[in-house]
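Read the structure below first, then the notes.
The values are calculated or read from the model by the stated rules, or taken from the named source; none is laboratory data. Nothing here was measured: the structure is a model prediction, and the numbers come from that model. With ideal geometry, Cβ positions are generated from the backbone for all residues, glycine too; neighbour counts draw on all protein chains shown. Quick note on the areas: whole protein, heavy atoms, side chains included, nothing else; ligands and nucleic acids left out. Shrake-Rupley method; radii C 1.70, N 1.55, O 1.52, S 1.80 Å.
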2 protein chains.
Amino acid sequence: MVREPLGEEAAAELSRMFKALSDPIRLRLLSLIASHEGGEACVCDLIGPFGVSQPTISHHLKVLREAGLVGSERRGTWVYYWVLPEALAKLSALLEIPAVSAKAPA
Amino acid sequence: MVREPLGEEAAAELSRMFKALSDPIRLRLLSLIASHEGGEACVCDLIGPFGVSQPTISHHLKVLREAGLVGSERRGTWVYYWVLPEALAKLSALLEIPAVSAKAPA
DNA sequence: GACTTGTTTCGACGTCTGTCGATACAGTCG
DNA sequence: CGACTGTATCGACAGACGTCGAAACAAGTC
């Protein structure tokens, strides 16, 4: 991000990922999935903690999935979700600012 | 993010920052500012590269500023913007997934 | 097959967001 | 002061987004 200006296409793809993270419920969902035992969670584990309806949770999970941040699989009755670490690593690396090139914080 | 589920307040604050990054033009603005000589850029350097009007750029800069991602200062005729590295570092750290706890990538 | 539980999709609604042109504000120069 | 340049704000509009209840789909059980 610091070395050279982001190209139009790269910015478009990255902004789609950040958009998926721009909702508090989706952030908490991601965190809940990532911190869940085994690194994955069933949808049924995710509908409790939030004050929204189950279809809304399903919608948010779809957004995370289409952004490439999580993977999902049906195993019998339940659907499981897990975080795709490569995607998060990509975003994390983008936001790393070499201390040298940044103006000193106020 | 992996160690424990994000709290409601933390998620709200972080989602505001990610929302600021969820627009391709804002991402490119941020990158343009960060990669600019001296780590800061005048607004007049930023209105050229995009196919949108000057008020729109000004609006996007305001969003970045209110999200705490950039600082700004008027110096004479021009207004300068620079990246606040602490904010980006905070987001970057959040997205770092310890390889151990993540499910292996497909 | 019929019933039950878990999950997704659909359709609708109000709200938020990105964009613009017009306008206001800030500072510089005659 | 008056004109001019750089930047921010305002008001309006179309489109996207988060949410819900209802309904559809999937898989297991009787």
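Consider residue A:13 carefully, then state whether it is within 14 Å of the chain's Cα centre (by Cα), within 28 Å of residue B:32 (Cα to Cα) and free of Cβ contacts under 8 Å to residues at least 24 places away in the same chain. So residue A:13 fits the description; yes. Among the residues of segment B:33-50, those identified as away from DNA strand D (no atom under 12 Å from the Cβ), at negative phi and surrounded by fewer than 20 Cβ atoms within 10 Å (Cβ to Cβ) are B:35, B:37, B:49, B:50. If you check A:65, A:28 for being within 7 Å of another protein chain (Cβ to nearest Cβ), free of Cβ contacts under 8 Å to residues at least 24 places away in the same chain and of a type in the set (D, E, K, R), only one passes: A:28. Of all residues in segment B:31-50, which are at the interface with chain A (Cβ under 10 Å from one of its Cβ atoms) and assigned to a loop (DSSP other than H, G, I, E, B)? Result: B:36, B:49, B:50.
Just one of (1) surrounded by 15 or more Cβ atoms within 10 Å (Cβ to Cβ); (2) more than 17 Å from the chain's Cα centre (by Cα); (3) part of a helix (DSSP H, G or I) fails for residue A:5. It is (3). Restricting segment B:51-84 to residues that are in a loop (DSSP other than H, G, I, E, B) and more than 8 Å from DNA strand C (Cβ to nearest atom) leaves a set whose member that is most open to solvent (accessible area, probe 1.4 Å) is B:84. Of the residues making up segment B:9-28, those that are closer than 14 Å to residue A:12 by Cβ and either in a helix (DSSP H, G or I) or aliphatic (A, V, I, L, M) (or both) number 6.
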